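The values are calculated or read from the model by the stated rules, or taken from the named source; none is laboratory data. Owing to the predicted nature of the structure, the values given are computational and were not obtained by experimental measurement. Cβ placement follows ideal geometry from the backbone for every residue including glycine, while neighbour counts extend to all protein chains displayed. Quick note on the areas: whole protein, heavy atoms, side chains included, nothing else; ligands and nucleic acids left out. Shrake-Rupley method; radii C 1.70, N 1.55, O 1.52, S 1.80 Å.
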Amino acid sequence: VRGFFLAFLGLTLALGCAPRRRDAGAESSAGRFPHEAPPHAQLGCTTCHDEAVVVAGGSARPGADDHAPCDRAKCHAAEFLGPPTTFCALCHDAVTPWREGETTLAAYPPRRGPRAYPSTFSHQLHLDTRRMDRRAGFHVGCGDCHAGPQRADLSPEAIARLAISGDGGGGDAPLPGHAACGRCHDRQPPTMATCAGCHASKRPATRQRRLITGDLSFSHEEHVSDVAGRAITCATCHARVAGQTKASQTDLPAIAACVTCHDDSKRAPESAAMSVCGRCHAGSRDTFQRLVAPRSHLAERFRPDDHTLAFRRDHTREAQADADRCARCHGGMSGQTRANCDECHQTMRPADHLVSWREYDHGPEAAASPDRCAVCHEAEVCTACHSRPPRSHSVPDFAAAGHGRVAQFRLRSCFHCHTPERECSGCHTGFSP
Amino acid sequence: MMALLVLLFAAPNLDVERLPRAVPETLAMRAETPAPPPAPPAEVAKPAEPPAVPLEQKVIFKFQLGYAVDQGRELEGVPLPTDVRKTRVAYLGDLVLGTRGLLRASLATYLATHFYFDQSGSARFQALPEIYDAFPDGQAVLVRSGWAQLDGFLGGVFAPVWLRAGRQWRWGQAGVSARFDGLAIGWEGETVQASLWGGRRVGLFNLADRFGLGGDTGAIAGSSFRLRLRKLVKLPLALTADTLGWEGTNVATLGLEADVPGTVDAAARLRWLDGKPVQLAGTMRARLSKVTTLQVELDERFTGDWTYDYVVAADDTTGNNAMRLHFGEPIPRFRASVRGGTVLFENWDLLVTGATVWEHADPDESSFQPTYLEGGAGVSARFFGGLTIGVELRARHFYRDLAANVPLADVGSLGETASREGVGRLRYSLGVKRFTGEITVYARQLLVDRVLGEGRDFLVTGAQFRVEGWVNQRMRLVTEYELAGEPGEELARFVNLRGLQSLRVLAEATF
């Protein structure tokens, strides 16, 4: 027993103290430009990033001018004069100096890892129409910054320029770059020349994961209106974005948001139903996968995702934490944690309490797990039935030979009510049937 | 659809209603425009009014009315006595009424009742006994809860005080729930939660009057205390203490809980019965993801425990053992169980369970608390189109010291030796509050060692067909039909019944 409890304690500590999924923001910056390392940390932004380029809307990635200014004598001249090393990998995918065109720059900004000096951009402030009208004289919509092909009034070149470097042109609602900010922040504070106005934080931020990866495809252009011609606003999928105050908060829609429309034939065509895997996934899906969908792809109305087989057994914690959540679907509950166990357990019977449960099955279960019975029943429930003679006692010869047949089959059942010393030993001495 | 409408109408309108000035093809900055004059400050700043709570969130209402027919057949050659009815017809249902902040913002009320009316009005032998037969004519109205509660009615420093009066329910001590008519007062603070409660215990089935089994409605009282250390010492721990007093029996529990949000929560509790430690229990639940959980439970009962039986706790000298269920005193035993569940490949819902109970009383003296080992597994998959298929299996092996000739006094070695159970479910659903059809089939095999002769096994099979349709978001109709397979002659003779069937037709309205 002591061993079991020690093992239990160990398991609890192991799970509780186990390192949790690492925050990308806390990841090492190995392989990435070490902004935080001296002497970089002591340099001003414009020492490396060309202020004029930033003000003009560019990304001002250092090194574009034959590695300047990184190749200064006091900086990294030695690395640039020597053979390629891992140092080159800070900026380059591949370094093949003897072949023209085979030394390629890595994508910038990188798609993974922490983001240095993250922007303090707030969607909430920029989508506050009253504030924008008051401060700037106009307000903006999503497409003003995330300008994609849907902006017929802009040329492809202008759209590409507005997008952040490395994200322009590819997506149809690209991330806005300095150019997009510069349209207003040329004079509206913080101005483009004040780097710290937006990039003050030295704490790396988690880079948002990308949803459209792998074989998945998505087009904002195709989500302008539904089959009935009703407009699909940005807020239909990105409902929380107008309240988000940090650039690191991005209201990427969960697949459940897609299901809302794509499982509704009044909003999405049958060819774009959730069961048509190929509509979004380029990779092949065999028949079986088409039948057994990922749960996240099923309509919301098919119970909450966390209501699993295990949840059916162990839901105490959830019921204690949020009784209102239970009450939303399970009618007749008060929504209060002080008694919601009783409110539900008195009306919902367990799955195994079927027609034969009362007559044939419940005895062995009650003997093995009386604690389970006590979750819903008080002792009177047992006694309400067991206080009266069983049917088997009503046969005419029960007192004579009849009770022997029953006792022989399951003697233990006699002792539900009788004690051998009191009721049996009067006739049976020892064991002589 | 409702969710979509909410999204469309409640979310901020992000449509571009007025474009900024034309975007130039060059990135040259536009000229500054004079900002409009600031709006004059409001003369009197009005505090923001809380959003109005819709009536449907203030009112709790549920009315369920059902029609039930249960039936069994007599055995061939063993007729049921003439006064035993083979078919039972009854009306049953629930009525729940409640409010949340309707009359006063701090006031909540809740009334939960259940009723059962045997159509024949007779509680004389029924082929299928019901717990409601404990009432005259088999007709009962049970008031399960009926309370009024005030939260935050004092305001200020005493805002965490709450008060609940009426018929209420408490869960906790020794796995025993208590229903009582009385008063509970508590403090619901962020760091400290405490309550005192007491009153007259309620026995819903009125056995004292009917069978003279002793007092079942004596005074009962208890307390609870919970101190969260998160704010005090920055540790995700809480200390708990509970007490219960019932007709001379006093139970106290001390506990330590740990809760790492979103990862693991654990609790350890030591319980005393009349000043003597009787039980040490621990639970740990790890939530490794939204759908992956691991639950471990350990429970050691050192010594003979409280007989969980309110019916005779006050008076165990009635000599009416034959008038009640008599399991005897809970004996020392160790229990451990593990349940782990996850969803594999984003759909295959998997559950694995294991449990063991090790009875260590000396001498071994109870047949009703056997040593056993149990294992089980279940899997369920949801298909496109609303179809769900699931299977669950469980096996339990009992360890008993079986003797060839069992003297009557040695009842501890009697009983089943193994059980196996399999359940299959096929469910078709159009979604929550729409339409659901479900078929459940099951088989249970029980191996029993007889007193004389060879051990036998018998099989119980059955099925349930259930259809649930929602007329609208507030009304549903449910029909359930269940039938059991033929149990085999020996078991049928044991219960003196076969051919069990049950039909339930229910209509329910909720608000």
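Some notes on this structure:
- Inter-residue pairs, beta-carbon under 7 Å, first facing another protein chain (nearest Cβ under 7 Å) and in segment A:124-144, second surrounded by 16 or more Cβ atoms within 10 Å (Cβ to Cβ) and assigned to a helix (DSSP H, G or I), 6+ apart: A:127/A:242; A:138/A:132; A:139/A:129; A:139/A:132; A:140/A:126; A:140/A:132; A:142/A:234
- Residue check for residue A:320: in contact (Cβ under 8 Å) with a residue 12 or more places away in the chain and outside any loop (DSSP other than H, G, I, E, B): yes
- The sole residue among B:469, B:499 that is part of a strand (DSSP E or B) and within 11 Å of chain A (Cβ to nearest Cβ) is B:499.
- Exactly one residue out of A:301, A:349 is open to solvent by 50 Å² or more (accessible area, probe 1.4 Å), outside any helix (DSSP H, G or I) and in contact with a Gly (Cβ under 8 Å, 6 or more places away or on another chain), and it is A:301.
- In segment B:135-156, the residues that are surrounded by 16 or more Cβ atoms within 10 Å (Cβ to Cβ) and either over 30 Å from residue A:381 (Cα atoms) or of a type in the set (D, E, K, R) (or both): B:144, B:150, B:151
- Single unsatisfied condition, residue A:241 versus (1) within 19 Å of the chain's Cα centre (by Cα); (2) at pLDDT below 85; (3) closer than 27 Å to residue A:125 by Cα; (4) not aromatic (Phe, Trp, Tyr): (2)
- Meets criteria (surrounded by 14 or more Cβ atoms within 10 Å (Cβ to Cβ), hydroxyl-bearing (Ser, Thr, Tyr), at pLDDT 85 or above and within 21 Å of the chain's Cα centre (by Cα)) for residue B:113: yes
- Top-ranked residue of segment B:359-374 - restricted to ones that are at pLDDT 80 or above, facing another protein chain (nearest Cβ under 9 Å) and surrounded by 17 or more Cβ atoms within 10 Å (Cβ to Cβ), ranked as farthest from residue B:328 (Cα to Cα): B:374
- Segment A:241-263, residues that are surrounded by fewer than 16 Cβ atoms within 10 Å (Cβ to Cβ) and facing another protein chain (nearest Cβ under 9 Å): A:243
Every residue, every condition in (1) among the polar types (S, T, N, Q); (2) closer than 19 Å to residue B:499 by Cα; (3) open to solvent by less than 30 Å² (accessible area, probe 1.4 Å); (4) facing chain B (nearest Cβ under 7 Å), yes or no:
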position: A:354; (1), (2), (3), (4): no, yes, yes, yes
position: A:368; (1), (2), (3), (4): no, no, yes, yes
position: A:385; (1), (2), (3), (4): no, no, no, yes
position: A:397; (1), (2), (3), (4): no, no, no, no
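- The residues of segment B:442-460 that are crowded, with 16+ Cβ neighbours inside 10 Å and either in contact (Cβ under 8 Å) with a residue 60 or more places away in the chain or facing chain A (nearest Cβ under 8 Å) (or both), listed by number, are B:442, B:444, B:446, B:448, B:450, B:451, B:460.
- Every condition in (1) open to solvent by 60 Å² or more (accessible area, probe 1.4 Å); (2) modelled with pLDDT under 85 is met by residue B:338 except one, and the failing one is (2).
- Any hit, segment A:64-77, residues being modelled with pLDDT under 80 and open to solvent by less than 60 Å² (accessible area, probe 1.4 Å): no
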